[in-house]
Amino acid sequence: MARTVWDSSVGKKTVMAVSGLIMLLYLVVHMIGNLKIFFGAGEFNHYAHWLRTVGEPFMHYGWTLWLIRIVLVVAVIAHAVSAYQLSRRDIKARPSKYVHKKRRASYATRTMRWGGIILGLFIVWHILDLTTGTVHSGGFQEGHPYQNVVDTFSTWYGDTIYIVAMLALGLHVRHGFWSAAQTLGAGSRSRDRALKTVANVLALLLTAGFIAVPVGVMTGVVS
């Protein structure tokens, strides 16, 4: 039964929608946490430490954070695999190129695939930069996330990579939230306008909220 659902286009779209909403929920929480950097090093470092103690004493130190990471990895893989397979299925269904290209899709729709690739590469860089410190500039300091963030956004390439990725994220969320709502049956003539508004507001808030951090470092508000 599960295999039959997965093999269908509807099943793959449902997996994309659910995994996308899981990642969206994480992004909202992650953005709010990131904004704590404007309250100073003590507040931000304390928040980073708290993430590892959530659920204690029932959960061991760091277990809740690892559980969240595992759920996110599964969601990202499910989302990417579904998107790839749906894309291949769509190409096979239309083997011949259109004589005249149709421009019915929005800019966000036409760039969803490239946006997904950009975000996938960004996630890898982001982890290697601020989680493992492998590609971090200025000397990675374990247990000092505030200083590590400031170091990253004190470089032009760190700012460029992050801002480009967040712009891609905004477009991805704008179209993805709308598509997920349609796939899960939330769309209707009476709700479509509200759903589009929510998609636009979410995309704008997430983009602005995430970009505020590198801009804060660049302008000296965060130092």
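Please find, among L67, L25, the residue that is surrounded by fewer than 17 Cβ atoms within 10 Å (Cβ to Cβ), assigned to a helix (DSSP H, G or I) and either of a type in the set (F, W, Y) or more than 14 Å from the chain's Cα centre (by Cα) (or both).
Just a single option satisfies the conditions, and that option is L67.
From F38, F58, F44, which residue is aromatic (F, W, Y), more than 17 Å from the chain's Cα centre (by Cα) and surrounded by 14 or more Cβ atoms within 10 Å (Cβ to Cβ)?
Just one listed residue meets the conditions, F44.
Could you please give the count of residues in region 128-145 that are at pLDDT below 90 and of a type in the set (S, T, Y)?
1
Please go through region 35-64 and pick out each residue that is farther than 30 Å from V221 by Cβ, among the hydrophobic types (A, V, I, L, M, F, W, C) and assigned to a loop (DSSP other than H, G, I, E, B).
Hits for region 35-64 are F58, M59.
Pairs needed: first member in region 184-199, under 21 Å from T14 (Cβ atoms) and part of a helix (DSSP H, G or I); second member anywhere, modelled with pLDDT of 80 or more and among the β-branched types (V, I, T); C-beta distance under 8 Å; at least 6 residues apart or different chains.
A199/V173
Restricting attention to region 133-179, which residues are under 20 Å from the mean Cα position of the chain (by Cα), among the β-branched types (V, I, T), surrounded by 14 or more Cβ atoms within 10 Å (Cβ to Cβ) and more than 17 Å from S223 (Cα to Cα)?
I161, I163, V173
I'd like the full set of residues that are β-branched (V, I, T) and either part of a loop (DSSP other than H, G, I, E, B) or touching a residue at least 12 places away in the same chain (Cβ under 8 Å) (or both), limited to region 109-136.
Matches in region 109-136: T109, T111, I118, I123, T131, T132, T134, V135.
Tell me whether region 82-91 contains one or more residues that are surrounded by 16 or more Cβ atoms within 10 Å (Cβ to Cβ) and either without any contact (Cβ under 8 Å) to a residue 24 or more places away in the chain or farther than 27 Å from A168 by Cα (or both).
No, that holds for no residue.
State whether one or more residues within region 71-88 are of a type in the set (S, T, N, Q), in contact with a His (Cβ under 6 Å, 6 or more places away or on another chain) and either at pLDDT 90 or above or outside any loop (DSSP other than H, G, I, E, B) (or both).
Start the filter on region 71-88 by keeping residues that are of a type in the set (S, T, N, Q), which leaves 82, 85, 87.
Subsequent filtering for residues that are in contact with a His (Cβ under 6 Å, 6 or more places away or on another chain) retains none.
Within region 71-88, not a single residue is of a type in the set (S, T, N, Q), in contact with a His (Cβ under 6 Å, 6 or more places away or on another chain) and either at pLDDT 90 or above or outside any loop (DSSP other than H, G, I, E, B) (or both).
The values are calculated or read from the model by the stated rules, or taken from the named source; none is laboratory data. For clarity, every value in this text was computed on a predicted model and none was experimentally measured. Cβ coordinates were reconstructed from backbone atoms using ideal geometry, including for glycine residues, and neighbour counts include every protein chain displayed.
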